[in-house]
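Worksheet for the structure shown next.
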Amino acid sequence: MEKILEVKDLQLSFHTFAGEVKAIRGVNFDLLKGETLAIVGESGSGKSVTTKAIMRLLPESSSEFKSGEILFNGKDLTKLTDKEMQKIRGKDISMIFQDPMTSLNPTMTIGRQITEPLLKHQKVGKTEAKKIAVDLLRMVGMPKPELRIKQYPHQFSGGQRQRIVIAIALACNPQILIADEPTTALDVTIQAQILELMKDLQKKIDTSIIFITHDLGVVANVADRVAVMYGGRIVEMGTVDEIFYNPQHPYTWGLLSSMPSLDTAEEKLYAIPGTPPDLLDPPKGDAFALRSEYALAIDMEQAPPVFQVSDTHFASTWLLHPDAPKVEPPLSIIERMKKFPGSRYYEGVRTNG
């Protein structure tokens, strides 16, 4: 499939009063045309910073691209001027933020807010822009769009406001849609509706989606591939089935073990011990080593390279080195892996490999 976005060895820092925060430390991934890539991890892992770097929405006064490239259709976004980026934002790459109320202008009707990117990027007249705005509201499931287009954000529920934000993001048929935890502020019923809406819209407009979340349950429903981030790096990447049924990195094991499920027998839900690393002074070895019961001596001294598990599955852990001791993942993970044919635990039968 065609690559629409390539992020190569991205390193980005923030300059603060306390010193240089090395927020992104060599991130590599690509996005294929028409796919949904989920980026998951705890708060502070670098998920939102990575996507805001793609959009060039980070403050230039305190952030700095140290190295790397962000190639969109072959063009390096890190080298563009702000004026050049303005032609891309909202038109070719759009973003849905976490809280719809802070994304919408309370003093403007939603019709005006939806037509704004159309008037700027599509060069259509006001009458045509209004017609498109009504069609967009109808497409995202808003009842009576002809009447509601004249209303203000406070006259809508939280779920309806998120639908409006999605309509604005889709106004110019972007090639890439970045969704930064778009359902976190919503209740679970509305959350499910918004996720289903995004899947339907992706099929209709054939856009590529980068979905930022800390909720692995959401990932299972929307993503084609998953990138697991920790300490400003991607520590594992693979298809949804590979990440859920054949995970290789101890951090991924921890995330999966902390997922609640209907058949969980334990009264106490697992929590990953410790806290994320201080990126003012990042560890020289594996950033997850101090929180991992599976850490090896080399994890404290040297960051692991990326090991290839399959054509689509990669993980950065010394446990995959040929000389590493064989370590079993948690029992809860093994039970999940038994259901996946690509796992060595499939149907409970171990194989060599």
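Each value in this text was obtained by applying a stated rule to the coordinates, not by laboratory testing. What you see is a predicted model, and the numbers here were worked out from it, not measured in a lab. Note that each Cβ is placed from the backbone with ideal geometry, even for glycine, and that neighbours are counted across all protein chains shown.
Here the stretch 111-170 is treated with +1 on each Lys and Arg Cβ and -1 on each Asp and Glu Cβ, and its dipole about the Cα centre works out to around 100 debye.
Full extension from residue 16 to residue 79: what is 0.36 nm times the residue separation minus their Cα-Cα distance, to one decimal in nm? Can you show the working numbers first?
Details: separation 63, 0.36 × 63 = 22.68 nm, distance 2.33 nm.
Stretched out fully, the residue 16 to residue 79 stretch lengthens by 20.3 nm.
Highest mean packing comes first when the peptides 85-93, 208-216 are listed by Cβ atoms within 10 Å, giving 208-216, 85-93.
If you take the beta carbon distance between residue 196 and residue 144 as r and set R0 to 25 Å, what does 1/(1 + (r/R0)^6) give as a FRET efficiency, to the nearest 0.05? Before the final figure, lay out the partial values.
Numbers: r = 21 Å, r/R0 = 0.84.
It comes out at approximately 0.75.
Among 1, 319, 305, which residue has its Cα positioned farthest towards the positive end of the charge dipole of the chain, with +1 placed on the Cβ of Lys and Arg, -1 on the Cβ of Asp and Glu, and the dipole taken about the Cα centre? Farthest along the dipole direction, towards plus: 1. Reported to the nearest whole Å, the Cα centre-to-centre distance from the stretch 42-85 to the stretch 327-341 is 37.
Quote to one decimal, in nm, the extra length available between residue 86 and residue 3 on full extension: 0.36 nm per residue of separation minus the C-alpha distance between them. Don't skip to the answer; put the middle values down first.
Details: separation 83, 0.36 × 83 = 29.88 nm, distance 2.24 nm.
Here the segment from residue 86 to residue 3 would lengthen by 27.6 nm.
Mean projected area of the Cα convex hull of the stretch 47-131, taken over all directions, amounts to 7.2 nm². Measuring between alpha carbons in the structure, the pairs from 126/199; 3/339; 33/75; 130/150; 120/204 lying more than 21 angstrom apart are 126/199; 3/339; 120/204. The C-alpha atoms of the chain define a longest principal axis, and helix 126-139 lies at about 40 degrees to it. Label zone of residue 60 (point 7 Å out along Cα→Cβ, amide N under 14 Å): in the stretch 80-119 this covers 80-87.
Based on DSSP H runs of at least 4 residues, each adding -39500 (n - 2.57), what is the mean residue ellipticity at 222 nm of the chain after dividing by all its residues, to the nearest 500 deg cm²/dmol? Can you show the working numbers first?
Values: 12 runs with 103 residues, N = 353.
Computed mean residue ellipticity for the chain: -8000 deg cm²/dmol.
Length gained on full extension, residue 335 to residue 297, computed as 0.36 nm times the residue gap minus the Cα-Cα distance: 10.8 nm.
Taking the chain on its own, what percent of its Cα-Cα pair distances exceed 28 Å? Kindly include the intermediate steps, with their values, before the conclusion.
Details: 29383 of 62128 pairs.
In whole percent, the share of Cα-Cα pairs in the chain beyond 28 Å is 47.
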